[in-house]
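Below is one structure; the comments refer to it alone.
Each value in this text was obtained by applying a stated rule to the coordinates, not by laboratory testing. The structure presented is a predicted model; accordingly, all values stated were derived computationally and were not measured. FYI the Cβ positions are ideal-geometry reconstructions off the backbone, even for glycines, and counts take in every protein chain you see.
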Amino acid sequence: MRPVCFPLMMLTLSLAAAAPPLSAQRPCSAEANRHFDFWEGRWMVRAATGALAGHNTLSLVLGECVLQEHYTTPSGYEGKSLNIFDQTRGVWHQTWVDNQGALLQLEGGYQDDRMVMQGETVDAAGVVTINRITWSRIDGGRDRVRQVWELSADGGTVWTTSFDGTYIRLETGADWDLLIQGGTVMNGTGRPGFSADVAIVDDRIVRVSRTPLDPERASRTIDATGLVVAPGFIDLHAHLDPLLRLPGAESHVRQGVTTALGGPDGGGPWPFAEHLELAASVGVGMNVGFMVGHNTVRREVMGLENRAPTASELERMKGMVAQAMDEGAWAISTGLKYLPGAFSELDEVVALSEVAGRMGGFYTSHLREEGLGLLEGVGEALEIGKRANIPIVLTHHKVVGQPTWGASVKTLAMVDSARAAGTDAMIDQYPYTASYTGITILIPAWAMAGGTGDLLQRMEDPALADSILSGIEFNIINDRGGNDLRRVQFAIVRWDRSLEGKTLHDWAMREGLASTPETGARLVIEAVRRGGASAIFHAMSEEDVERIMAHPFTMIASDGRLTQPGEGHPHPRWYGTFPRVLGLYARDKGVISLEQAVRKMSTMPAERMGLRERGQLREGWFADVVIFDPATVADQATFEEPHQYPVGIDWVLVNGAIAVENGQYRNIRAGRVLRRGRN
Ligand SMILES: [Zn+2]
C-alpha cells in the first residue's frame with residue numbers, strides 16, 4: 001500500500017514549431033515494436049524528444065519511436081512510462097505521448113492502490129486538460145504493472161491503450177473494459193454452470209451478473225453464447241526452463257492456462273531470486289511462479305554424490321530452501337527418482353520440507369518409484385507430509401508397468417486414510433497413458449551416481465556392466481519399458497534426429513538386432529554414450545488414469561514443457577492436457593463432470609498454492625479467464641503428431657488482457673511473476 005497522495009502539479013506545455021504535422025508522423029516500426037515488446041511486453045509509446053526551455057515549460061518535438069531511454073523513476077518505482085529528465089529543474093517527468101499526437105506531461109502520486117496522475121496535454125487543436133489518469137495498482141510489488149491505462153479529459157474524451165500499444169478511442173464513460181455476454185459461467189468451485197455476464201475493468205473481474213449487463217456500458221464485448229466462461233487454468237507442474245526463449249508460453253496459454261508453477265521434479269531454478277527477476281524482465285505470456293528444487297539444492301551443495309549429507313551440508317541446504325521460500329517460492333519439489341535426489345533418505349527430505357512447510361509452502365513429489373515400488377513411493381511421500389507437517393501433492397500420479405497396473409486402487413486408499421489421519425495430501429495428474437522423461441530413467445540410480453561419465457566408467461568393468469544391463473532389462477520388462485521395445489518412443493535425440501518419434505524397437509530393427517529387453521538395455525547405454533535422449537514410455541493403463549482422475553482430491557497438471565512447433569517430438573501433454581480433460585474425459589467419457597474438470601484446473605490448484613484472488617471466477621478477483629466451447633473443445637496433439645494446438649479454447653484472458661482472441665493467439669505477455677505472500 002502506498003497511501004501517500006502527492007500534491008498534483010499542473011504544467012504548461014507547448015508543441016515546438018518544428019513538430020511535423022500529425023499526418024506526417026511515422027508510426028513506430030514493427031522492428032522497434034518488437035524491440036519494445038522484448039523490453040516490456042507492455043505498450044508502445046511514441047516518444048517525445050526535445051529541448052527543455054524554462055522553468056516548468058517543456059518544449060518537445062514529436063519524434064520517432066524512442067524506447068525507454070530513461071527508465072527508472074526517481075521514486076524507485078520501475079515504472080512502465082517513458083521518462084524525461086528536466087535538466088533545468090533537475091527533476092524527472094513521466095511523460096507519454098499518444099499516437100494521436102497528444103503530448104501529456106504529468107505528475108502525480110498514489111491514492112489507495114492506484115497511481116493517479118494529473119496534468120495537461122497539448123495536441124494539434126490546442127490545450128486539453130487531462131483531469132485524471134488511472135494507472136496501476138502497484139501495491140503488489142514490481143510485477144504488478146497494469147495492462148490498460150486510461151486517460152480521461154474534461155472534454156469527455158477517453159483513451160485506453162492495450163498491451164501492444166494500439167490506442168482505442170472510446171466512448172465517454174465506459175464502465176467496463178470488457179463485457180463477456182451470454183456465456184455459461186463455471187466459476188471453478190464445482191457448482192453447476194449458470195448463465196451470467198462477466199464484466200472486467202483493468203485486471204479485475206468486477207461483475208458476475210445473472211441478469212444481463214448493458215453492453216453500451218462496455219468498451220468491448222465478447223459474445224460467449226453457447227460457450228463456457230471459466231477461471232483461467234492453473235498448472236501446478238510445468239517445465240518452464242525454456243521461458244526466457246519462449247516467454248509468450250503459447251503452448252500453455254492456448255490450452256487456457258493463465259498461471260503455471262515451474263521448478264517441478266526437484267529441479268527448481270537457482271539462484272532463485274535472480275531467475276524470477278529475469279523472467280519478469282522479459283515479460284511473460286502467463287503468470288508464473290516457481291518452486292525450490294531439492295535436487296537443485298543438493299547438487300549445489302553436494303554434487304552428484306551418493307551419500308547422506310553431513311550436518312553442515314544439511315544446514316546449508318536448509319538455508320537455501322529458506323532463502324528461496326523467502327524470495328517467493330511456492331513449494332519445495334523433489335524428484336527422488338532423479339539424481340541426486342535418488343541418493344537422499346527420508347530424514348533429509350523431511351528436514352528440508354519442514355523448512356518449506358513452516359514458511360507456508362507445500363511439498364510436491366515425483367515419487368521415488370512409480371512402478372513396482374509405487375506403494376513404497378506413495379508411502380514415503382505421505383510420511384514426509386506427516387513428519388514435516390507440510391501439505392503434499394503426489395505429482396503426475398500414475399501406475400507404471402503392467403505388473404503394477406490396478407495399484408491406483410491402493411494408492412488412492414492410502415491417500416484417503418492419510419487425509420483422514422490429518423495429512424493434507426492431494427494429487428495431480430496428466431491425462432495420458434504414457435509418460436515422458438530422460439531415457440536414463442531405465443538405468444538403476446546407483447549406476448548413475450556421479451553422472452553419465454561415471455556410468456560409462458562403470459560399464460568398463462564387466463561385472464558392473466552385467467549388473468547395470470540386467471537392471472535396465474528388469475526396468476524394460478517390469479517398469480517403464482512396458483515389456484516391449486515398441487513402448488519406448490524417442491522424443492528428443494540431438495545426435496540423431498531421425499530417431500525422434502521412433503521406438504527402441506525401430507532402432508533395434510535398423511541396426512539388425514533382435515527386439516528383446518537385452519538388446520534394449522544395450523541400446524539405452526548406447527543412447528547415453530552418444531549424448532542421451534528423452535523418450536515417451538507407453539506403460540500405463542487407461543483404468544488407472546480414469547480412476548485417479550475421478551478421485552476428489554486429484555487436480556489436473558500438465559507436466560508439460562514450453563514448446564513450439566518444430567522442436568523435437570514432445571509428449572502431446574505439452575499441448576493438450578487441459579483441453580483433453582475437458583473434451584475426452586469430461587464430455588466424451590463422462591469420467592468427471594465439466595464443472596469438476598474446471599475445478600480441478602482452477603480452484604483446487606489455487607488453494608493448494610495459497611494463491612490469492614485467482615482460481616475462481618469471482619467479483620474482485622483477477623481477470624484470468626478462459627472461454628471455451630464445451631461442444632468442440634479437444635486436444636489435437638497425438639503421440640505421432642504432437643505439435644498441434646487444441647481446438648475450442650476460444651478466448652484466454654490473462655490479468656484482463658486478451659491473450660487468445662477468438663482462437664487466435666496474441667503475444668501480449670500480460671503475465672506476471674507471482675511470489676508467495678506477495679501476489
Ligand atoms: Zn516428474
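Debye-formula intensities of the stretch 554-657, expressed as log10 I(q)/I(0) at q = 0.11, 0.16, 0.17, 0.23 Å⁻¹, are -0.36, -0.76, -0.85, -1.32 (one equal scatterer per alpha-carbon, no solvent). Computed extension gain for residue 345 through residue 467, at 0.36 nm per residue and net of the alpha carbon distance, reaches 41.6 nm. Modelled spin-label separation between residue 516 and residue 456, with each label point placed 7 Å from Cα along the Cα-to-Cβ direction: 2.7 nm. Each principal axis of the stretch 438-537 carries a Cα extent, and these read 31, 26, 23 Å when sorted largest first.
For the peptides 532-538, 483-489, the ranking by mean Cβ contacts within 10 Å, running from highest to lowest, is 532-538, 483-489. Per the Debye calculation on the stretch 320-374 with a single equal scatterer at every Cα and no solvent contribution, log₁₀ I(q)/I(0) for q = 0.27 Å⁻¹ amounts to -1.07. The stretch between residue 358 and residue 419 holds 20.0 nm of extra length on full extension. This uses 0.36 nm per residue minus the Cα-Cα distance. Backbone amide hydrogens, once placed in the peptide plane, bring residue 428 within less than 5 Å of 394, 395, 396, 397, 555, excluding anything fewer than 5 places away on its chain. Less than 5 angstrom separates the built amide H of residue 204 from those of 623, all sequence-distant by 5 or more or on a different chain.
Sorting 574, 330 from the fewest to the most surrounding beta carbons within 10 angstrom yields 574, 330. Once the convex hull of all Cα atoms in the stretch 252-299 is built, its volume per residue stands at 65 Å³.
With neighbours defined as other Cβ atoms within 10 Å of a residue's Cβ, the residues 428, 629 order from fewest to most as 629, 428.
Principal axis extents of the Cα atoms in the stretch 459-604, from largest to smallest and rounded to whole angstrom, are 57, 32, 24. By the count of neighbouring beta-carbon atoms within 10 Å, fewest first, 396, 275, 252 end up ordered 275, 396, 252.
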